[in-house]
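These notes concern the structure reproduced below.
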Amino acid sequence: MVELLIPKNSRVGKGRRHAAPAGAGRVKAFRIYRYDPEGTDNPAWDTYDVDVDACGPMVLDVLIHIKNTMDSTLTFRRSCREGVCGSCAMNIGGRNTLACTHGWEEVPGRDVQISPLPSLPVVKDLVADLTLFYAQYASIEPWLHTTTPEPQGEWRQSEADRAKLDGLYECILCACCSTSCPSYWWNEEKYLGPATLLQARRWLVDSRDEAAGERLDGLEDPFKLYRCHTIMNCAQVCPKGLNPAKAIAEIKAMLVERVV
C-alpha cells in the first residue's frame with residue numbers, strides 16, 4: 001500500500017487527459033501524480049496516452065517523451081540514466097524503483113501509475129523532498145574516523161577486509177528502501193531508516209575505521225535502530241539488490257556482542 005503525503009485539507013482528484021497524437025501506433029496510458037505547491041489546485045492524477053513506439057523501453061524514456069512532446073510542465077528528477085545516481089527514484093505501479101532501469105512493460109495492469117516516493121513531502125509532481133533523508137545520512141558521519149597518523153599513501157586494506165563491504169558500499173541513496181518501510185513512514189523523524197542504517201553498517205565493518213565504539217553508541221537508541229521490525233520491504237524494492245534488513249540485524253548483533 002502506497003501512502004502519499006498530500007497537502008493538508010486536499011484530496012487527489014481526477015486530472016486532465018492528454019490524448020495521443022493522430023496516427024499513433026501502440027498507445028499506453030500513464031497515470032501520473034501532479035501537484036504544484038505554488039498553484040491553487042489540489043493534487044491530481046493526469047492521464048497521458050503515450051505512443052510507446054515513439055520512445056524508449058524504460059519508464060524514464062516515457063517521462064522524457066511526455067515532457068518533450070506532450071506536457072512541458074511535468075516535473076521529475078533524472079541524471080545518469082544508468083541506475084547509478086538514484087535521482088529518478090519514484091513509485092511505479094505501486095513499487096519504489098528507478099525510472100531509468102524499470103521498463104514500462106514490466107508494470108502489470110492496463111495502465112501505468114507513477115507517483116513520487118511515498119511518505120515524503122512533495123516538492124512538485126514526481127519530485128519528493130529528501131531533506132530529512134540526507135540529514136539522517138549525514139548524522140552517521142559517513143567518512144573514515146581514525147586516530148592513527150595518516151600514512152604517506154593510501155589507507156591499506158586486505159582483500160578479505162575489503163570483501164566485508166560488498167553488499168553495503170553499492171547503495172546509491174535513492175531512498176527507495178526507506179520510503180517503502182512502514183516503520184519509517186510512522187517514525188521518520190526518529191527512525192534512521194534502512195538506507196542510512198545500511199550505510200552505518202558499511203562504516204562499522206570498514207577495517208580502516210577506528211571509531212566503531214562511538215558509532216555504535218550513536219545508534220543505540222530505541223528509535224534510531226530498533227524501530228526496524230524486519231518487514232523486508234526494503235530488500236524487495238532495492239534496485240541494486242541489497243538487503244538493508246540484514247545489515248540492520250548485524251548492527252543489532254554487534255551491540256549485543258559488545259555487552260556480552
Would you confirm, using the coordinates I've provided, whether LEU74 is in a loop (DSSP other than H, G, I, E, B) and within 27 Å of TYR169 (Cβ to Cβ)? no
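For the range 111-121, give me the residue count where each residue is out of contact with any Asp or Glu (no Cβ under 7 Å at 6 or more places or on another chain) and either part of a loop (DSSP other than H, G, I, E, B) or modelled with pLDDT under 95 (or both).
First, pick out the residues of the range 111-121 that are out of contact with any Asp or Glu (no Cβ under 7 Å at 6 or more places or on another chain): 111-117.
Those still in the list that are either part of a loop (DSSP other than H, G, I, E, B) or modelled with pLDDT under 95 (or both) too: 111, 116-117.
Of the residues in that region, 3 qualify.
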What number of residues within the range 124-133 satisfy the criterion of being surrounded by fewer than 17 Cβ atoms within 10 Å (Cβ to Cβ) and in contact (Cβ under 8 Å) with a residue 24 or more places away in the chain? 1
Only residues that are touching a residue at least 60 places away in the same chain (Cβ under 8 Å) and touching a Ser or Thr at 6+ places or on another chain (Cβ under 8 Å): list them for the range 237-260, please. VAL237, PRO239
Hey, does the range 17-39 have a residue that's in contact with a helix residue (DSSP H, G or I) (Cβ under 8 Å, 6 or more places away or on another chain) and free of Cβ contacts under 8 Å to residues at least 12 places away in the same chain? no
Inter-residue pairs, beta-carbon under 9 Å, first assigned to a loop (DSSP other than H, G, I, E, B) and in the range 94-110, second among the aromatic types (Phe, Trp, Tyr), 6+ apart: ALA99/PHE76
Being closer than 16 Å to LYS124 by Cα, among the hydroxyl-bearing types (Ser, Thr, Tyr) and open to solvent by less than 70 Å² (accessible area, probe 1.4 Å) narrows it down to one of THR40, THR75, so name that one. THR75
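Of the residues that sit in the range 219-236 and are within 21 Å of the chain's Cα centre (by Cα) and without any contact (Cβ under 8 Å) to a residue 24 or more places away in the chain, which one is most open to solvent (accessible area, probe 1.4 Å)?
THR230
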Check whether at least one residue in the range 245-252 is open to solvent by 60 Å² or more (accessible area, probe 1.4 Å) and within 30 Å of SER79 (Cα to Cα), and report yes or no. yes
Quick one: count up the residues across the range 134-164 that are touching an Asp or Glu at 6+ places or on another chain (Cβ under 7 Å) and either open to solvent by 60 Å² or more (accessible area, probe 1.4 Å) or under 16 Å from GLN199 (Cα atoms) (or both). 4
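The values are calculated or read from the model by the stated rules, or taken from the named source; none is laboratory data. Remember, predicted model here, so these are calculated numbers, not experimental data. Cβ coordinates were reconstructed from backbone atoms using ideal geometry, including for glycine residues, and neighbour counts include every protein chain displayed. Protein only, heavy atoms only, side chains kept; ligands, DNA and RNA dropped before computing areas. Shrake-Rupley method; radii C 1.70, N 1.55, O 1.52, S 1.80 Å.
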